[in-house]
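Trainee: First the structure, which I've put down as structure tokens, then a few questions once you've had a look.
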Amino acid sequence: MTQRVTIVGAGLAGCEAAYRLARGGVSVDLWEMKPGRRSPAHVLDGPCELVCSNSLRSDNPLNAVGLLHEELRKLDSLVLSVADETRVPAGDALAVDRERFSRRVAERLAARPEIELHGGEVSALPGGPGPALVATGPLTGDALASELQALCGDRLAFYDAIAPIISAESIDMGVAYAKSRYDKGSGPDYLNLPLDEAQYGAFVDALLAGEKVAPHGFEEPRYFDGCLPIEVMAERGREVLAHGPLKPVGLEDPRTGRRPHAVVQLRREDVAGTAWNMVGFQTRLTWPEQRRIFRALPGLAGAEFQRLGQVHRNTFVDAPRVLASDLSVKARPHLFLAGQITGVEGYVESAACGHLAARAILDRLAGRPYQAPPAATALGALHRHLTGEAHPPGHEHQPSNVIFALFPPLPERVRGGKEGRKMAHVERARKELDAWIS
């Protein structure tokens, strides 16, 4: 394979992809706009700058992201290898010295003769016919974002609005009742948590008083009516939520025949119903405050959060509709996307996406079918998120970290509660990954 591949963006996804392609014998032109131009979030000149935190989160494989760490190590990931080299004490988490991390990535890339790093902003999507990869991240420059918008239309977003996801086993089914509004649809597709007037009032008070995450300096608090943070809605009036995402109309409690004052709706997050999304609960509340306030809601005292809510600036495409299974753009098959621009969330997930895109490009150049990762692995779970396979039909694509809700359900009931289920996921993932890379 003598073809050259252009990669736009030397963040975690772009650098991971460049390294994997180089190891496959492919020449790479890796473009990074720094140091000539930088986004408001960046301060370092080098590649793979960690902007918001120096933590790659839990390194424990019983956590889905820890399992992803393990899988990437087995695949000789550049990002995980350098993270291990530059690690700093952080308990259960994998945290790094971010300046050493960026510097060491640059050294590892420079040691590969196949990779040529170019400085300068790329303002247009690379043309074909050879493959190219765009991995420009959540703060993609205006010119390139305009090109993407022309290509994707309304399937390109600039802000994400993520609601919490709760494990099914942790929801009190003595409180929740299954029902769709006015009994429409194929059946009782939602779980509903009824609130009386006093409970609703206490919830609104807690939202208003709760500690919020301040926007980054590079983020305008530019909200859209369809994705307002729940606390912003509460600020507009005490009954706004009861006429919005907590509207009880058509959701009478079948056990009493009466309409509650307000209803928190939970929507199935995966086909098997192992996890449920809190409808309309995108929020800038801090994560400790989310746990405290949401666990005070009826039926959620023991809630296990697989993901917590957030709202922030992000450029990403509607991947299940824009991308093919191999992460190439359906409208321009030579063009691949990777990293947060596809709708994965987090440093390690972005690197993993870059790794998958590089493998897809190698398959394309070799003239062989794309070998998708096994569904039950952490890599496969991310791939299922991007293709839509992990979600019910009609699911709105929003960025996600790797969580066990994205994995296929376990084939049978497992003893040992939550820890037993996690261990069963890990054991199955290890077997499937070993078979895939053997």
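Conditions (1) out of contact with any Lys or Arg (no Cβ under 6 Å at 6 or more places or on another chain); (2) part of a helix (DSSP H, G or I); (3) within 14 Å of Glu169 (Cβ to Cβ); (4) not aliphatic (A, V, I, L, M), marked per residue:
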position	(1), (2), (3), (4)
Glu396	yes, no, no, yes
Pro408	yes, no, no, yes
Gly420	yes, yes, yes, yes
Ala424	yes, yes, yes, no
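Trainee: If you don't mind, there's one more thing I want to ask. Among the candidates Gly380, Gly420, which residue alone is among the small types (Gly, Ala, Ser) and buried (at least 23 other Cβ atoms within 10 Å of the Cβ)?
Mentor: Of the residues listed, the single one that is among the small types (Gly, Ala, Ser) and buried (at least 23 other Cβ atoms within 10 Å of the Cβ) is Gly380.
Trainee: Are any residues in the stretch 283-296 over 14 Å from Ile165 (Cβ atoms) and out of contact with any Gly (no Cβ under 9 Å at 6 or more places or on another chain), and if so, which ones?
Mentor: Pro288, Ala296
Trainee: Any idea how many residues of the stretch 175-202 are small (Gly, Ala, Ser), surrounded by fewer than 16 Cβ atoms within 10 Å (Cβ to Cβ) and in contact (Cβ under 8 Å) with a residue 60 or more places away in the chain?
Mentor: Summing the residues that are small (Gly, Ala, Ser), surrounded by fewer than 16 Cβ atoms within 10 Å (Cβ to Cβ) and in contact (Cβ under 8 Å) with a residue 60 or more places away in the chain in the stretch 175-202 gives 1.
Trainee: Does Ala405 meet the test of being in contact with a helix residue (DSSP H, G or I) (Cβ under 9 Å, 6 or more places away or on another chain), buried (at least 24 other Cβ atoms within 10 Å of the Cβ), modelled with pLDDT under 95 and assigned by TED's automatic domain parsing to the domain that holds Glu71?
Mentor: Criteria met by Ala405.
Trainee: Is it the case that Gly299 is in contact (Cβ under 8 Å) with a residue 40 or more places away in the chain, in a loop (DSSP other than H, G, I, E, B) and farther than 25 Å from Asp160 by Cβ?
Mentor: Taking the combined requirement at face value, the residue satisfies it.
Trainee: Ok, one more. Just to be sure before I move on: is Val426 crowded, with 23+ Cβ neighbours inside 10 Å, touching a residue at least 40 places away in the same chain (Cβ under 8 Å) and among the β-branched types (Val, Ile, Thr) in the structure I sent?
Mentor: no
Trainee: Pull up the stretch 243-279, narrow it to residues that are of a type in the set (Val, Ile, Thr), within 23 Å of Gln310 (Cα to Cα) and modelled with pLDDT under 95, then point me to the one that is surrounded by the fewest Cβ atoms within 10 Å (Cβ to Cβ).
Mentor: Within the stretch 243-279, the match that is surrounded by the fewest Cβ atoms within 10 Å (Cβ to Cβ) is Val279.
Trainee: Output the number of residues of the stretch 250-277 satisfying the condition of being outside any strand (DSSP E or B), more than 19 Å from Ala381 (Cα to Cα) and of a type in the set (D, E, K, R).
Mentor: Selection size over the stretch 250-277: 5.
Trainee: I've got another one for you. Restricting the stretch 335-364 to residues that are touching a helix residue (DSSP H, G or I) at 6+ places or on another chain (Cβ under 9 Å) and surrounded by fewer than 24 Cβ atoms within 10 Å (Cβ to Cβ), which is nearest to Pro374 (Cα to Cα)?
Mentor: Restricting to residues being touching a helix residue (DSSP H, G or I) at 6+ places or on another chain (Cβ under 9 Å) and surrounded by fewer than 24 Cβ atoms within 10 Å (Cβ to Cβ), the top hit is Arg359.
Trainee: Restricting attention to the stretch 147-167, and to residues there that are of a type in the set (D, E, K, R) and in a helix (DSSP H, G or I), which single residue is surrounded by the fewest Cβ atoms within 10 Å (Cβ to Cβ)?
Mentor: Asp154
Trainee: Every residue in the stretch 398-438 that is aliphatic (A, V, I, L, M) and farther than 30 Å from Tyr159 by Cβ, please.
Mentor: Result: Leu410, Val414, Met423, Ala424, Val426, Ala429, Leu433, Ala435, Ile437.
Trainee: OK, next. In the stretch 396-408, which residues are farther than 21 Å from His69 by Cα and in contact (Cβ under 8 Å) with a residue 40 or more places away in the chain?
Mentor: His397, Gln398
The values are calculated or read from the model by the stated rules, or taken from the named source; none is laboratory data. It should be emphasised that the depicted structure is a prediction, and the values quoted were computed from it without experimental measurement. All Cβ positions, glycine included, derive from the backbone under ideal geometry; neighbour counts span all protein chains shown.
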